[in-house]
Amino acid sequence: MEFHDSLSRIAASRGLSQADLCRMSGIPTSLMSNYFNGKRSPTLTNAIAMADALQISLDELAGREAPKRAAERELLANFRNLSDEGQEVAVNTVYGLSATYKKRYQPDVVAREEVA
């Protein structure tokens, strides 16, 4: 997938116009138009600005990495819609679940902890 295809797909999936992304990233309209039309590729600085504005990785913006399962895509989409505080709570919750899951369902981890 080419960069402009990925950029267009991501913007459309979030209901964002080129103008919206310009406001969010600080990139001039004429330059953003060239990115969307595939006439130019962004500099690293501008790619980072777009990825930050969209709250995604550079790999995802470039179309290189996407969650493999529907549950992962849904989880990431919901996570991105949370406020900063909500994202922090979600991350802490996942860490807690991960620690609980490892202790409860991995007997060798529990056994090593009990020995210590």
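Throughout, read-outs are computed from the coordinates displayed, never taken from laboratory work. In this text the structure is predicted, and so the values were computed from the model without any measurement. For neighbour counting, all protein chains shown are included, and Cβ atoms are generated from backbone atoms with ideal geometry for every residue, glycine included.
Mind giving me the FRET efficiency for residue 101 and residue 52? R0 is 25 Å, r the Cβ-Cβ distance, nearest 0.05 is fine.
The formula returns an efficiency of 0.20 here.
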Handout entry: In order through segment 17-34: 3J(HN,Hα) via Karplus (6.51 cos²θ - 1.76 cosθ + 1.60), integer Hz, x for Gly, Pro
Key = 8, 4, 4, 4, 5, 4, 4, 6, 9, x, 8, x, 4, 5, 5, 4, 4, 5
Practice task
Determine which residues of segment 18-52 fall in the zone a paramagnetic label at residue 8 would reach in this model, i.e. backbone nitrogen under 11 Å from the point 7 Å along Cα→Cβ.
Solution key: 36-39
Problem - Simple spin-label estimate for residue 92 and residue 43 in nanometres, 7 Å along Cα-Cβ - result: 3.9
